[in-house]
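Colleague: Handing you a structure now.
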Amino acid sequence: MANEQLKEKIIDYAHQIGIDKIGFTAADPFSEMKARLKMQQADNYQSGFEKGSNAERTEPKLHVSDAESIIAIAVAYPSRMKARPVNKKGERRGNFCRASWGMDYHTVLNDKLNQLNRFIENLVPGFRSRIMVDTGELSDRAVAERAGIGFSGKNCAIITPEFGSYVYLGEMITNVPFTSDVPVDDGCGDCTKCLDACPTGALVAPGRLNAKNCIAFLTQTKDFLPDEYRDKLGNQLYGFDTCQLVCPKNKGVDFHLHDAFEPEPDKVKPELLPLLSISNREFKETFGHMAGSWRGKKPLQRNAILALAHYREERAVEELDRLMRTDPRPVIRGTAAFAIGKIGRRDSYRLIQQARLSETDEAVIAEMEKGLAFELVYQN
C-alpha cells in the first residue's frame, strides 16, 4: 500500500475513534528544542517532573531505532460546564483546572493511540512504534507544532485553529515514512494578554515558562507552599487556567465532543471542608479517575487549607484546629496553623498558642508563628 493511501486510511480511522486532529512529521531530531532545554536548565526554569535526558527528549530514534515519522494527535476538551456549583460562605469550594475534568486524559489518549497502533499493525508488516502521552520523553508540544496540529502560543500551549488551546496531545513514533504536514503559522501577533495576566510572572517571555513559579506546578508540589504564592493560589486545588482563559484564540471555544471529558461539577469544584477529612479510599473512589489525583491527596488538602484561608472561612476553624493538633503530616499541621491565623476568628490565636505548646517540628512551629503574626496585622 502506498504511503499516501495509508496516511489517508489512518486519518479516516483516527476520526472514527474520536481523535479530533491528527498530523504527521519526520522523526528528525528536535534540534531547536534541545537548545531551548539547555537554556531552561541553565536558568533553572524546569519543574523537575520532566522525564529523560536532553537527548532522549529530542531524538526520536533513541526510542524507535528505525524511526521515520511521528504521528501527532489532538483531542478536544470542554471549557465550560453546566450546573456550576455555587461557591458561597459556609460552603466554600475549590477548583480543578479544565485539563482535569472528567476521565484522566492520559488513559483516554493512550487508549486511542493503542487503537490506532493496532489498526496500522494490521496494514503494515513489520510495523514498530512507541506511544507517548504527556509523561513520555518527547515534548508533546514540540511534536504537535512540527506536525501542524497548531502553533505554540506565548502561553506555552499549542493553539489549534479549530479548538483553541483546549486540546490534549499525544504522539506515536513509527518506522513508516509519511509525508510531513505543514506547520501552522504563529497567530499570537503582538498580543501579550497571557503574559500580562500571569499572577506569578512565570511566563518570563513569550513562549518561555519558569515552571517553578507557575501556579499549575505549585499546586502539585508536596512541601509547604512558599509564602509569596499563597494569596495568589486563591481556591485553586489543581492546575491553572488563566493563561488560556485570557487568550483571544479561546474566545467562545467550548467543545463537548467526548463524554469521557465531561466535568462532574461536585468533583471538579468540590467543597473544601470535606476534603480535609477524606480517607485514602474515599479519595481514590471520588477523584482517582481524574488527572488531578496523580500526586495523591496531600497537595490537594494543603491547597484546600490555603483556599479556606483565602476566603477567611470561619466555619473551617474547628477542622483546621483538629489538623493542626493531630495530623501526622507536618505540612498539613503547619499549613492549618497558618490558615487559622489568617482566618482570624476571635479564638484563632489562642488555638495556635495551645497547639504550639506540644509541637516539636521546627517547620510547623515556624508556620504557627506566621499564623500568630496575623493578630498584629489585623489589629492594625
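The values are calculated or read from the model by the stated rules, or taken from the named source; none is laboratory data. Computed from a predicted structure; not experimentally measured. Methodologically, a virtual Cβ is constructed for each residue, glycine included, from the backbone with ideal geometry; neighbour enumeration extends over all protein chains shown.
Colleague: What's the total number of residues in region 48-77 that are more than 30 Å from Asn213 (Cβ to Cβ) and in contact with a Ser or Thr (Cβ under 8 Å, 6 or more places away or on another chain)?
Modeller: 6
Colleague: Let me ask something additional. Do we find that Gly102 is at positive phi and under 16 Å from the mean Cα position of the chain (by Cα) in this structure? Talk me through it step by step, then tell me what you get.
Modeller: Details: at positive phi: yes; under 16 Å from the mean Cα position of the chain (by Cα): yes.
Taking the combined requirement at face value, the residue satisfies it.
Colleague: Kindly establish whether Ala55 is in contact with a helix residue (DSSP H, G or I) (Cβ under 7 Å, 6 or more places away or on another chain) and without any contact (Cβ under 8 Å) to a residue 60 or more places away in the chain. Don't jump to the end; show me each part of the working.
Modeller: Working: in contact with a helix residue (DSSP H, G or I) (Cβ under 7 Å, 6 or more places away or on another chain): yes; without any contact (Cβ under 8 Å) to a residue 60 or more places away in the chain: yes.
The answer is yes for Ala55.
Colleague: Can you pull out every residue in region 26-45 that is surrounded by 16 or more Cβ atoms within 10 Å (Cβ to Cβ) and of a type in the set (Gly, Ala, Ser)?
Modeller: Listed by number, the residues that qualify are Ala26, Ala27.
Colleague: Next up: So how many residues does region 263-277 have that are in contact with a strand residue (DSSP E or B) (Cβ under 8 Å, 6 or more places away or on another chain) and closer than 15 Å to Gly102 by Cβ?
Modeller: So the answer is 4.
Colleague: Is there a residue being aromatic (Phe, Trp, Tyr), at pLDDT 95 or above and under 20 Å from His289 (Cα atoms) anywhere in region 71-79?
Modeller: We begin by selecting, within region 71-79, every residue aromatic (Phe, Trp, Tyr); these are 77.
Next, from what is left, pick out any that are at pLDDT 95 or above: 77.
Right, trim to under 20 Å from His289 (Cα atoms) and you get 77.
Within region 71-79 (the criterion being aromatic (Phe, Trp, Tyr), at pLDDT 95 or above and under 20 Å from His289 (Cα atoms)), the answer is yes, since at least one residue qualifies.
Colleague: In addition: I need the full set of residues from region 74-118 which are within 20 Å of Gly170 (Cβ to Cβ) and charged (D, E, K, R), in order please.
Modeller: Arg98, Asp104, Asp111, Lys112, Arg118
Colleague: In region 177-214, what count of residues is obtained for those that are surrounded by fewer than 16 Cβ atoms within 10 Å (Cβ to Cβ), closer than 16 Å to Arg141 by Cβ and not small (Gly, Ala, Ser)?
Modeller: So the answer is 1.
Residue by residue, here is whether (1) aliphatic (A, V, I, L, M); (2) under 15 Å from the mean Cα position of the chain (by Cα) holds:
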| site | (1), (2) |
| --- | --- |
| Leu233 | yes, yes |
| Phe240 | no, yes |
| Val246 | yes, no |
| Asn250 | no, no |
| Glu262 | no, no |
| Leu276 | yes, no |
| Gln301 | no, no |
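Colleague: Go through region 131-177 and report how many residues are in contact with a Pro (Cβ under 7 Å, 6 or more places away or on another chain) and closer than 16 Å to Lys61 by Cβ.
Modeller: Here the count works out to 3.
Colleague: Still on this structure: Which condition number does Leu62 fail, the rest of (1) farther than 23 Å from Tyr168 by Cβ; (2) loosely packed, with under 12 Cβ neighbours inside 10 Å; (3) more than 21 Å from the chain's Cα centre (by Cα) being met?
Modeller: If we test Leu62 against (1) farther than 23 Å from Tyr168 by Cβ; (2) loosely packed, with under 12 Cβ neighbours inside 10 Å; (3) more than 21 Å from the chain's Cα centre (by Cα), just (2) comes out false.
Colleague: Quick test for you: out of Leu300, Leu275, Leu306, pick the one residue that is touching a Phe, Trp or Tyr at 6+ places or on another chain (Cβ under 7 Å) and not in a loop (DSSP other than H, G, I, E, B).
Modeller: Working: Leu275 fails: touching a Phe, Trp or Tyr at 6+ places or on another chain (Cβ under 7 Å); Leu306 fails: touching a Phe, Trp or Tyr at 6+ places or on another chain (Cβ under 7 Å).
Only one candidate passes the filter, namely Leu300.
Colleague: Hey, another quick one. Restricting attention to region 55-70, and to residues there that are within 26 Å of Ser165 (Cα to Cα) and of a type in the set (S, T, N, Q), which single residue is modelled with the lowest pLDDT?
Modeller: Top of the filtered list is Thr58.
Colleague: Additional query: Looking at this structure, is Arg141 in contact (Cβ under 8 Å) with a residue 12 or more places away in the chain, part of a strand (DSSP E or B), surrounded by fewer than 21 Cβ atoms within 10 Å (Cβ to Cβ) and basic (Lys, Arg)?
Modeller: Numbers: in contact (Cβ under 8 Å) with a residue 12 or more places away in the chain: yes; part of a strand (DSSP E or B): no; surrounded by fewer than 21 Cβ atoms within 10 Å (Cβ to Cβ): yes; basic (Lys, Arg): yes.
In short, no.
Colleague: What residue, among those in region 221-270 that are closer than 19 Å to Tyr105 by Cβ and among the β-branched types (Val, Ile, Thr), is surrounded by the fewest Cβ atoms within 10 Å (Cβ to Cβ)?
Modeller: This residue is Val253.
Colleague: Moving on to the next point. Before we move on, is Gly48 loosely packed, with under 12 Cβ neighbours inside 10 Å and within 18 Å of the chain's Cα centre (by Cα)?
Modeller: Numbers: loosely packed, with under 12 Cβ neighbours inside 10 Å: yes; within 18 Å of the chain's Cα centre (by Cα): yes.
It is true that Gly48 is loosely packed, with under 12 Cβ neighbours inside 10 Å and within 18 Å of the chain's Cα centre (by Cα).
Colleague: Quick one: in region 1-46, of everything that is of a type in the set (Lys, Arg) and at pLDDT 95 or above, which residue is farthest from Gly170 (Cα to Cα)?
Modeller: Just the residues of region 1-46 that are of a type in the set (Lys, Arg), to begin with: 7, 9, 21, 34, 36, 38.
Then drop every residue that is not at pLDDT 95 or above, which leaves 7, 9, 21.
On the way: Lys7: 17, Lys9: 19, Lys21: 11 Å.
Among residues in region 1-46 that are of a type in the set (Lys, Arg) and at pLDDT 95 or above, the one farthest from Gly170 (Cα to Cα) is Lys9.
Colleague: Against the definition (of a type in the set (A, V, I, L, M, F, W, C) and in contact with a strand residue (DSSP E or B) (Cβ under 7 Å, 6 or more places away or on another chain)), how does Leu308 come out, yes or no?
Modeller: Values: of a type in the set (A, V, I, L, M, F, W, C): yes; in contact with a strand residue (DSSP E or B) (Cβ under 7 Å, 6 or more places away or on another chain): no.
No.
Colleague: For the condition modelled with pLDDT of 95 or more and under 30 Å from Ala363 (Cα atoms), what is the one hit in Thr219, Thr192, Thr179, Thr242?
Modeller: Values: Thr192 fails: under 30 Å from Ala363 (Cα atoms); Thr179 fails: under 30 Å from Ala363 (Cα atoms); Thr242 fails: under 30 Å from Ala363 (Cα atoms).
Sole residue among the options that is modelled with pLDDT of 95 or more and under 30 Å from Ala363 (Cα atoms): Thr219.
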